[in-house]
Structures are given as structure tokens and as C-alpha cells.
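Shown next, in C-alpha cells, is the structure this report addresses.
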Amino acid sequence: MASSFQTYKNWCINEVAVVSQMSKHNNVLKFFGCCLETEIPTLVYEFAGNGSLFDHIFDDHRLLSWESRLRIVTEAAHAVAYVHLGRPKTIVHRDINSRNILLDQNYVAKMSEFEFSIPIPLDKKYVDAEVVGTLGFIAPESHNTGRFTEKSDVYNFGAVLFEALTGKRAWNILHHEFEVPKENCRGKSSILRVHSCSWDEIERKIESYLKANLLDEGNRKQLNECAELAQRCLKMNPDERPTMKEVAQSLRLIKRLQDTPT
């Protein structure tokens, strides 16, 4: 019990260290203060009165339009790009998912939950750390090696796009069907089931699923372009993924696309 409490306290301390630097951005949940001396550490944030993006994707009574989903993921992408580029050291969030994108009273996106965030040393392009995060969102290379880069967050964000585009839970699809192929496993043993298919086969399955399950309503040009972007973010090879700055720029351009009259 004492050990788990200390772990929780360490997470809180880590979150304070990160969000105190980041919460000036309009799309990062604003941090007001904390008390770490109480029995249970207390962190105080602005109130996000409309729950999370997850709530509005999967609750039938609160479903968001495609236009609203696109605006929210665009705002979230800018927040993550700021986390990566806003300080001398790149910070990797490590737990980007639709539950951690909160919405304020005006449905403005607020990136939250920085307890697992970790800086990359200035002389490196990656950081080795304990594997944490949400199943279905964690990048395959991080699962198997404990190595995190900014491209790990890009994979996380691709899973968010996947959910926004399809209304299907990323965990159910990316975790159960599209695991890391045997020939690409190295280092730490994976907590995922491993299939014998190749990375190309996995990526084709993701592409096929996206095409078959895009939302019925919404600007088709935007949906198709966003699906292509999600596929790029979900590339099994991290070197083939875009940066979060590129993702944010792409989403901004996608928002401007006009639908083709039918």
C-alpha cells in the first residue's frame, strides 16, 4: 500500500513539473496549483465541464457532429505539438487518448493527464522508460522495447483519429487484430498477443477497416483525407509517421476542404 501511494505521489509530482510549464497553451488544461502534503496529493485544474472526447464519441446521447470532432482533434494536435516543441527538451506525453482530451464549457479541447510524461535528453532522440499508457493506443515499438519518442505520441494520436472517424474503440481494433508481427519483436517481451502477419498486412487491415467504417455523416473529402492522415500516424515504422507539427498543419488544411456536391 505504501509503495503504491508513493508511486501515485511520484506521478503527481511529475505531472506538476510538466503542466506548470505547459498550461499557458489554450488547449492544455490550465493548472492552478497543488498540495502534495495532504494524505492524498491534490492537484487543482480549470473545470472542463463537458467531459472528454471519449464521452462524446461513444455516448449515444452526446454524439458530436463530424465538424465538431474535426475541430477538437485539430486543437488537440496543436496542444501535443506544443508539448513536443514548446520547451528546449521534447516532452513525450505517453498517454494520449480520447479520455484525456477534455472539453470545456465551449467544447474547446484541453489536453490533460501528464503524469506519465517524460522529457527526452537533449543529446538523444528517444528515452527508455517503463511501458505505460492505454492499450490500443501505445505504439508497437514502445510496447516491445520500452523506447519512447515523439513518434510514439503520434501513434497515440492516430488512434484518437481512428475513434473520431469511425466511432469505434481503438482498443477493440488495434489491440485485438493488429498486433506487432513476430519478426519485428525485440528487447522486452510484449504484453500484446503477437501475430505472424507482416507490418504491411497490418497496415492494409487498418486501411480497410477505416474505409469500411467511416462516419456516415460529414464532409466526405475531410473524412477521407483525415483517414489517410490517421493511417500515416498509425504506421508500424515510427520513421514513416509524420511529426505532430505536421499532423496539426494537415488537420488545419483538412478543415478548409469543401465537400463535393453529389
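The values are calculated or read from the model by the stated rules, or taken from the named source; none is laboratory data. Because the structure is a prediction, the values reported are computed rather than measured. Methodologically, a virtual Cβ is constructed for each residue, glycine included, from the backbone with ideal geometry; neighbour enumeration extends over all protein chains shown.
Odds and ends about this structure:
- Note on segment 135-155: among residues that are of a type in the set (S, T, N, Q) and surrounded by 20 or more Cβ atoms within 10 Å (Cβ to Cβ), the one that is farthest from the chain's Cα centre (by Cα) is Asn144.
- Verdict on Ala170 being out of contact with any Ser or Thr (no Cβ under 6 Å at 6 or more places or on another chain), modelled with pLDDT of 90 or more and on the phi < 0 side of the Ramachandran plot: no
- The strands (runs of 3 or more DSSP E) found wholly in segment 1-106 and carrying at least 1 residues that are at pLDDT below 85 and in contact with a strand residue (DSSP E or B) (Cβ under 7 Å, 6 or more places away or on another chain) occupy 31-35, 42-45.
- Taken together, Phe162, Phe157, Phe114 contain a single residue that is aromatic (Phe, Trp, Tyr) and either in contact with a Gly (Cβ under 8 Å, 6 or more places away or on another chain) or part of a loop (DSSP other than H, G, I, E, B) (or both), which is Phe114.
- Tally of residues being among the hydroxyl-bearing types (Ser, Thr, Tyr) and farther than 22 Å from Ala248 by Cβ across segment 132-156: 1
- Scanning segment 51-72 for residues that are closer than 13 Å to Cys226 by Cβ and surrounded by fewer than 20 Cβ atoms within 10 Å (Cβ to Cβ) yields Trp66, Glu67, Arg71.
- Residue list for segment 227-262, filter: among the charged types (D, E, K, R) and assigned to a helix (DSSP H, G or I): Glu228, Arg232, Asp239, Glu240, Lys245, Glu246, Arg252, Lys255
- The selection criterion, being under 21 Å from Leu174 (Cα atoms) and small (Gly, Ala, Ser), holds for Ala77.
- Segment 209-233 residues that are without any contact (Cβ under 8 Å) to a residue 24 or more places away in the chain, paired with ones that are crowded, with 18+ Cβ neighbours inside 10 Å and part of a helix (DSSP H, G or I) (beta carbon under 8 Å, 6 or more apart): Lys211/Ala227
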